[in-house]
Amino acid sequence: MTKVYIKNMVCDRCKYVVRQVFEQANVFPVTVELGLVETAQSLTSEEQQHIFTKLEEFGFEILADKQAQTISQIKAFITDYLQTEIPVDTTLKFSVLLADKIGKDYKVLSQLFSESEHQTIEQYLIEQKIQKASELLTYNQLNISEIANQLGYSSVQHLSNQFKKVKGVTPSEFRREGK
């Protein structure tokens, strides 16, 4: 089985595009996840070149470095984590879920991420949560309390404080101004 780690996969559409690129090269992936494609067979150098060139045309990047692969896995996990509704009363901390998914100690992951990205995993998670909150506010289908609940915040005030820190305005102001 061959694993190909791919940077810049952030959504289901990305997974679709990546799968199409592989299949057009007559390579049929066993799995396509955010940041990772697994194939049953090894890739020939011609297949690799063709696939990697096509992926780059779509804005994706192949990750050969193990550390870059781990960073990509962390980011993909956070994206997946925020795409599903976060259980409010989860007994497992985010750090435990992440460490279990990647199979490495959280302290090791945290240090690697901080050195590579110049911010902590927690800061990155907050930025991604606020980005998701911004999208939800723009859609105007949920109230702020529902958004806070969906993103796993303990209160509307907690969401509002983090939102203002990142965006410079409160969620209510953001929605009102239509940013």
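Observations on the structure shown:
- Condition check for residue 129: part of a helix (DSSP H, G or I), in contact (Cβ under 8 Å) with a residue 24 or more places away in the chain and either open to solvent by 60 Å² or more (accessible area, probe 1.4 Å) or on the phi < 0 side of the Ramachandran plot (or both): yes
- Any hit, the stretch 31-40, residues being more than 29 Å from residue 100 (Cβ to Cβ) and not in a helix (DSSP H, G or I): no
- Residue within the stretch 23-40 that is touching an Asp or Glu at 6+ places or on another chain (Cβ under 6 Å) and open to solvent by 70 Å² or more (accessible area, probe 1.4 Å) present: yes
- Hits in the stretch 92-120 (condition: farther than 11 Å from residue 70 by Cβ and not in a helix (DSSP H, G or I)): 92, 93, 105, 118, 119, 120
- Check on residue 141, within 27 Å of residue 15 (Cβ to Cβ), free of Cβ contacts under 8 Å to residues at least 12 places away in the same chain, part of a loop (DSSP other than H, G, I, E, B) and open to solvent by less than 70 Å² (accessible area, probe 1.4 Å): no
- So residue 52, is it in contact with a strand residue (DSSP E or B) (Cβ under 8 Å, 6 or more places away or on another chain), surrounded by 14 or more Cβ atoms within 10 Å (Cβ to Cβ), among the aromatic types (Phe, Trp, Tyr) and outside any loop (DSSP other than H, G, I, E, B): yes
- Test: residue in the stretch 70-79 that is surrounded by fewer than 18 Cβ atoms within 10 Å (Cβ to Cβ) and not hydroxyl-bearing (Ser, Thr, Tyr): no
- Any chance residue 3 is in a strand (DSSP E or B) and either open to solvent by less than 70 Å² (accessible area, probe 1.4 Å) or not polar (S, T, N, Q) (or both): yes
- Only one entry of 81, 106 meets the criterion of being closer than 20 Å to residue 128 by Cα, in contact with a Ser or Thr (Cβ under 8 Å, 6 or more places away or on another chain) and of a type in the set (Ser, Thr, Tyr), and that entry is 106.
- Filtered by the rule that a residue be assigned to a strand (DSSP E or B) and either open to solvent by less than 40 Å² (accessible area, probe 1.4 Å) or among the aliphatic types (A, V, I, L, M) (or both), the stretch 6-22 gives a lone residue, 6.
- Matching residues, the stretch 88-122, being surrounded by 14 or more Cβ atoms within 10 Å (Cβ to Cβ) and either on the phi > 0 side of the Ramachandran plot or out of contact with any helix residue (DSSP H, G or I) (no Cβ under 9 Å at 6 or more places or on another chain) (or both): none
The values are calculated or read from the model by the stated rules, or taken from the named source; none is laboratory data. Remember, it's a predicted structure, so these values are computed and weren't measured experimentally. For neighbour counting, all protein chains shown are included, and Cβ atoms are generated from backbone atoms with ideal geometry for every residue, glycine included. Accessible surface areas use protein heavy atoms only, side chains included; no ligands, DNA or RNA. Shrake-Rupley method; radii C 1.70, N 1.55, O 1.52, S 1.80 Å.
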